[in-house]
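Shown next, in structure tokens, is the structure this report addresses.
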Amino acid sequence: MSPLLEVRSVTRRFGGLVAVDSVAFDVAEKEILSVIGPNGAGKSTLFKLIASFLKTSSGEVIFKGEKISDRSPHEVARRGVVRTFQETTIFRGMTVRDNVIVAHHLRSKASLAGYFFASGDARADEAAFARSADEICDFIGLGEIKDEMASNLPQGHLRALGIAIGLATDPAVLLLDEPFAGMNHDETMRTVELVRGVRDERGVTVLLVEHDMPAVMSISDRIVVLNFGQKIAEGTPAEIRADDKVIEAYLGAEDESIGL
Amino acid sequence: MGTGLRIAGVLLFLAIVFLGVPWAIQASGRWDFYYTLTSVALLAIASAGVWLTFYIGRINIGQGAYALTGGYVSAILVMQAGWNFWLTLPVAGIFCALVSVLIGLPILRLRGVYFAMVTLVLTEVARLTALALPITNGAKGITSIPLPGEVSILGLTLIPAIDTFGDVKLAFYLVAAALMVIVFAGMYRLVNSRIGHLCRSLQQNEELASSIGVNITYLRIVAYAISSFLGGIAGAMFVAISQSIYPSSFTVVDSVNFMLNCFLGGLAYVFGPILGTLVLYFGWDLLFETGRFQLLIYSSVLILIIVLLPNGLLSVFERKRATAR
Ligand SMILES: Nc1ncnc2c1ncn2[C@@H]1O[C@H](COP(=O)(O)OP(=O)(O)O)[C@@H](O)[C@H]1O
Ligand SMILES: [Mg+2]
């Protein structure tokens, strides 16, 4: 089976710094693949390159056989590759439900003029988006608080809302940057289950960047390890755990904090 | 607010605008108020445009440029091409919308104070252009523009000529008020449709908006074009009333005022610009008696209002409702 997403020796320089250095790997459909590595290794930059929020210095990203790198982000999102943010990025001045409703944009059938004049398509869209948003809120566990202002949510719920926003776009590939950051153990476990559900029940391919090693080891089908912008290892969690280069890259950091 | 209450509010507003005001002016004999209120209606339309650019997260201090451009387009078409004013009105708006697309493409990438500064310069550019071009007749401007003529199709009069009305001032007031009502009804619909929802997503987080697939460049241009369209028709209408236009008809001060009208009414309220314009315009006039202290008092009161009600005058009701809960 040909891969869903191919990262082909992608490089990104910031001035003299090579943040991502000829990184290449493939992602299969319905896979959960994690990208790990020390701080500053280039993980977030890599995600921005895949979702085309940054232009590559060289190399390309291929999705379903088509080059998606160096396009505008909304065009890449339209093709099904959607990124959520490392920072808890949501629409703060909207309710939880409105956050999810507006994120259905890619499923719009009506034009802007259609929405203004409440055309048949527009009314159908609005009803469908509202229904789907309720369903997603329930699925993510935000059903109870969907009328809350997003700015009032605690950290854990913000991450969940971020994932809900991602899901509303009906993505083929969802890029999650540190979805468990700032969560306690229980919240992390709950979100791990959620991410599994996103893949198992909705058939979404998931790429994630994460620091929480136990979570990464339990959730990932495969792991890519970056260090100083370069890929130093790739494999199943078991292979990564036994990889000398990975252990070396993490030397200096405390073992238990990495959980290797 | 319940639907019934809302409909009652709209009816009350319409009754005041179209019946109450003419009656009160008739009774008091303050005919000069027609001109004042006509100006308020037209300035509120231009401010509505500025409000819409605020709504996508851009501080627009350049609406005067489009009001001036719209005014000149109408004046030139009436004087040199012999067009009927009513035809020039939408054309002036569309011309401004097109110009704003060309200008918006490069500048709408800018945010915050950078965008604000560039728009501030636009009004001055428009003034200097009007001074320099032969077609705008330089500093002498265009004067003695005839009043709007009648519009008829196959001998059927749709809009009678303005001067067939006994009272031209009243006629202009009613036209301006009707235009304002139409514009704000459109704005209300826009804000409460999915377009408004998308605009809010842009205002709150452009990066996230584009990651959910919103073409932010396109939406920004659309909003800015609508904004400039409103500036253009307001400017054209002004010219029809004053029957003249000069490079100084709309200046940087006007652009700043359009923005202040929005601030004062409240950026979260679609009808804010109406209230803001009314209060600012009348406030300035009322302070006329204070002579050389006029500007000082006016600015101090403005600052006080903005400090006490940072979300605008209409947020008073919001607060009441919040405490009532
Ligand atoms: N926009 C930018 N401009 C300059 N340097 C950047 C930029 N973004 C990231 N970097 C640098 O690139 C490197 C990789 O950053 P990042 O991808 O955020 O790392 P990670 O997410 O793995 O912690 C860092 O050294 C960072 O300082
Ligand atoms: Mg990062």
Running Debye on region A:47-128 with equal point scatterers at the Cα sites and no solvent, what base-10 log of I(q)/I(0) appears at q = 0.13, 0.25, 0.26 Å⁻¹? -0.57, -1.12, -1.16
Helix-only [θ]222 nm of chain A, DSSP H runs n ≥ 4, -39500 (n - 2.57) each, per residue, nearest 500: -11000 deg cm²/dmol
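Of all trypsin sites (Lys or Arg not before Pro) in region A:102-146, which ones are in loop regions per DSSP and have a Cβ with at most 14 other Cβ atoms within 10 Å?
When the trypsin sites (Lys or Arg not before Pro) of region A:102-146 are filtered for loop state and at most 14 Cβ neighbours within 10 Å, A:109 remain.
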Starting from the Cα of residue B:308, move 7 Å in the Cα-to-Cβ direction to define the label point; list residues of region B:233-268 whose amide nitrogen is under 16 Å from there. B:264-266
Averaged over its residues, how many other protein chain Cβ atoms are within 10 Å of peptide B:123-130's Cβ atoms? 0
Equivalent ellipsoid dimensions for region B:265-319 as semi-axes, Å, which come from the Cα gyration tensor, largest first: 23, 12, 7
Around residue A:232, under 13 Å between beta carbons, what's the net of Lys plus Arg minus Asp minus Glu among the other residues? -3
As a test of understanding, state the convex hull volume per residue of chain B from its alpha carbons, in Å³. 174
Computed on Cα atoms, Rg of chain A relative to 2.2 N^0.38 Å comes out at 1.03
Distances over 23 Å make up what percent of all Cα-Cα pairs in region B:213-325? 45
Put one equal scatterer on each alpha carbon of region A:86-170, apply the Debye formula with no solvent term, and list log10 I(q)/I(0) at q = 0.12 1/Å to two decimals. -0.34
Across peptide A:105-116, how many C-beta atoms of other chains are within 10 Å of each residue C-beta, on average? 4
Helix-derived mean residue ellipticity, 222 nm - over chain B, DSSP H n ≥ 4, -39500 (n - 2.57), to 500: -23500 deg cm²/dmol
When chain A is treated as a Gaussian network with springs between alpha carbons less than 10 Å apart, the largest mean-square fluctuation among A:221, A:244, A:125 is found at A:244
Set the Förster radius R0 to 41 Å, insert the Cβ-Cβ distance between residue B:299 and residue B:140 as r into 1/(1 + (r/R0)^6), and round the FRET efficiency to 0.05. 0.75
Under the 7 Å Cα-to-Cβ spin-label approximation, residue B:168 and residue B:36 lie apart by a distance in nanometres of 2.2
Listed by chain and number, the lysines with an alpha carbon less than 25 angstrom from that of residue A:245, same-chain partners under 8 positions apart left out, are A:43, A:231
Looking only at B:256, B:175, B:113, which one moves most when chain B is put into a Gaussian network model with springs between Cα atoms under 10 Å? B:113
Could you work out the equivalent-ellipsoid semi-axes for region B:119-270, taking the square root of 5 times each eigenvalue of the Cα gyration tensor, largest first, in whole Å? 34, 23, 15
Net charge of Cβ neighbours under 14 Å - reference residue B:228; Lys, Arg +1; Asp, Glu -1: +2
How far apart, in nm, are two points set 7 Å out from the Cα along the Cα-to-Cβ line at residue A:149 and at residue B:152? 5.9
Please report how far the C-alpha centroid of region A:169-210 lies from that of region B:1-22, rounded to the nearest whole angstrom. 51
Eigenvalues of the alpha-carbon gyration tensor of the protein assembly as shown, times 5 and square-rooted, give semi-axes in Å, largest first, of 55, 25, 22
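Laboratory data are not the source of any read-out in this text; all were calculated from the coordinates shown. Every value quoted in this text rests on a predicted model; they were computed, and no experiment measured them. Positions of Cβ are backbone-derived with ideal geometry, glycine not excepted, and every protein chain shown enters the neighbour counts.
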